[in-house]
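The block underneath contains the structure these notes are about, expressed in C-alpha cells.
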Amino acid sequence: MHKILIVEDERDIADLIGFNLERQGYQVIKAYDGLTGTDMALRERPDLIVLDLMLPGRDGYGVFKELRRDARTAQIPVIMLTARAQTEDRIQGLEAGADDYLTKPFSPKELLLRISAVLKRVDGPPGTVDFSFGPFRFDKNSLKFYLEGEPVDLTATEFKLLLYLCERGGKPQDRNELLRTVWGYSDEVHSRTLDTHMKRLRQKLGSHGGLVETVRGVGYLVALPTAG
C-alpha cells in the first residue's frame with residue numbers, strides 16, 4: 001500500500017483528495033501548513049507528496065527545497081497542486097524538480113491518474129536491473145543513475161525519461177509518445193513539461209548533455225556514443 005502525504009491548507013480540498021485516494025486503496029496522511037508538512041514528510045517518508053504551493057508557515061516551494069536538501073526525502077516524488085495556472089508558474093514548478101503539476105480547480109480523477117502514473121515511474125518495470133548506454137548506467141532497482149561511474153541525482157521522472165531514450169538510442173522518439181509513456185498524457189498544453197525536463201536533464205549531464213538531441217518536428221533522441 002502506497003502512503004500519500006497531502007500538504008494542503010484548505011481542509012475541504014485535502015479531505016476531497018484524501019477521500020478519493022483512500023477509495024483507491026492508498027494510505028493517506030495530511031498536513032495543513034508548510035512547516036508541519038515538512039516535518040511529516042521527514043518523519044513518515046511517504047511514497048508520494050501532493051503539495052500545495054500557497055501554504056501558511058512555509059510556502060510550497062520552501063517545503064520542496066527543504067525536502068530535496070535532505071537525503072531522507074530527496075527522492076520522494078512530488079506533485080504540485082496550485083491555483084496558479086499561468087504557464088510561467090507551471091514551468092517554475094517543473095524546473096524546481098517537481099514530478100508533475102496540477103492547477104486548481106482540478107478533477108479528482110485526473111489527480112488520481114497523475115498519482116498512479118508517477119508511482120509507476122518510481123516503482124519501475126520488472127526486468128533487467130542494470131542498463132548501460134555509453135557513459136550512462138541505470139540501476140532500475142534503486143533508480144540510481146551513474147555518469148562515467150559517478151552518481152548523478154535524477155528525479156524518478158528524469159530517470160525514466162532518459163532511460164526510455166537510451167534504450168532506443170540513436171532513434172528519434174516522438175514527443176507525444178514520450179508524454180504518453182512517461183507522464184501518461186499527450187497534448188500541446190503539456191508539451192512544455194517535456195521541454196522543461198529535457199533542459200534540466202541536459203544541465204545535470206554537464207558535458208554529456210549534448211548527447212540528448214532535439215529532432216526538429218519530431219521530438220528527441222539520445223545519440224549513439226562514438227567509439228574511443
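The values are calculated or read from the model by the stated rules, or taken from the named source; none is laboratory data. This is a predicted model, so every value here is computed, not measured. Reconstructed Cβ throughout: ideal geometry from the backbone, glycine too, with neighbour counts over all protein chains shown. Note: accessible area is taken over every heavy atom of the protein model, side chains too, but ligands, DNA and RNA are not part of it. Shrake-Rupley method; radii C 1.70, N 1.55, O 1.52, S 1.80 Å.
Given the criteria loosely packed, with under 15 Cβ neighbours inside 10 Å, more than 21 Å from Ser107 (Cα to Cα) and of a type in the set (Lys, Arg), does Arg69 qualify? Yes: the conditions hold for Arg69.
For every residue, the table says whether it meets (1) without any contact (Cβ under 8 Å) to a residue 12 or more places away in the chain; (2) over 17 Å from the mean Cα position of the chain (by Cα).
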site: Asn20; (1), (2): no, yes
site: Arg23; (1), (2): yes, yes
site: Gly34; (1), (2): no, yes
site: Pro56; (1), (2): no, yes
site: Met80; (1), (2): no, no
site: Tyr101; (1), (2): no, no
site: Ser107; (1), (2): yes, yes
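For the range 120-151, filtered to residues that are out of contact with any Gly (no Cβ under 8 Å at 6 or more places or on another chain) and crowded, with 17+ Cβ neighbours inside 10 Å, the residue that is farthest from Gln24 (Cα to Cα) is Phe136. Residues that are outside any strand (DSSP E or B), more than 25 Å from Lys144 (Cβ to Cβ) and open to solvent by less than 30 Å² (accessible area, probe 1.4 Å) do occur in the range 24-36, at least one of them. For the range 58-78, give me the residue count where each residue is outside any helix (DSSP H, G or I) and free of Cβ contacts under 8 Å to residues at least 24 places away in the same chain. Total satisfying the criteria: 1. Within the range 76-96, the set of residues being out of contact with any Leu (no Cβ under 7 Å at 6 or more places or on another chain) and either surrounded by 21 or more Cβ atoms within 10 Å (Cβ to Cβ) or at pLDDT 80 or above (or both) comprises Arg90, Gly93, Leu94.
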